Amino acid sequence: MAKITKADIIDTIYEKSEMERKDIHSMLDFFLEEIKNALVSDKIIELRGFGTFEVKKRKGRIKARNPKTGESLTVDPHGVVFFRAGRDLKNDVYKLKPGNE
């Protein structure tokens, strides 16, 4: 499976548009920062056709174990980012066949 970086996304948008790379980079940074700020503010982000980002709360635990060291520790309550794919994305991904890498 290939990995796509932010630089790859900027290059792809640059090839398909008449915008400058630095402007694309700034817009992408602003977009990602807005998503981050909304999640930190406990808001739900819905991008129709793509999916929904939200923060789910996890309970803390008194008894937990570090799998690497075996050490017992406690885990405080915390938030976890959760993504739920939208219908269009789900349908497009569902059509992928094994070995499409």
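The magnitude of the dipole of the chain, with charges of +1 and -1 set on the Cβ of Lys/Arg and Asp/Glu and taken from the Cα centre, is near 940 debye.
Report the extension gain between L73 and Y94 in nm, rounded to one decimal, defined as 0.36 nm multiplied by the number of residues separating them, less their alpha carbon distance.
Working: separation 21, 0.36 × 21 = 7.56 nm, distance 3.97 nm.
Full extension from L73 to Y94 adds 3.6 nm.
With an 8 Å Cα cut-off and a minimum separation of 6 or more residues, compute the relative contact order for the chain in percent. The partial results should precede the final answer.
Numbers: 103 pairs, mean separation 21.0, N = 101.
Computed over the chain, the figure is 21 percent.
Between R21 and I45, the C-beta separation translates, for a Förster distance of 25 Å, into a calculated FRET efficiency of about 0.45. Overall form of region 44-101: oblate. Here a/c, set by the Cα gyration tensor axes a ≥ b ≥ c, is 1.5 or more, and a/b is not larger than b/c.
Name the shape class, rounded, prolate or oblate, that the alpha-carbon gyration tensor gives for region 1-40, where a ≥ b ≥ c are the square roots of its eigenvalues, rounded holds for a/c under 1.5, and otherwise prolate holds if a/b is larger than b/c and oblate otherwise. It comes out oblate by the Cα gyration axes.
Number of Lys-Lys pairs in region 1-43 with C-alpha atoms under 26 Å apart and a separation of 8 or more places or on different chains: 8. Against the chain, whose longest principal axis comes from its Cα atoms, helix 21-40 is set at around 30 degrees. Straight-line cross-link partners of K68 among the lysines, defined as a Cα under 25 Å from its Cα and at least 8 positions apart when in the same chain: K57, K59.
Taking the C-alpha atoms only, the angle from helix 6-16 to the longest principal axis of the chain is near 20 degrees.
No value in this document is a laboratory result; all are computed from the given coordinates. Please read all numbers here as calculations on a predicted model, not as lab measurements. Glycine also receives a Cβ, built like all others from the backbone with ideal geometry; neighbour counts cover every protein chain displayed.
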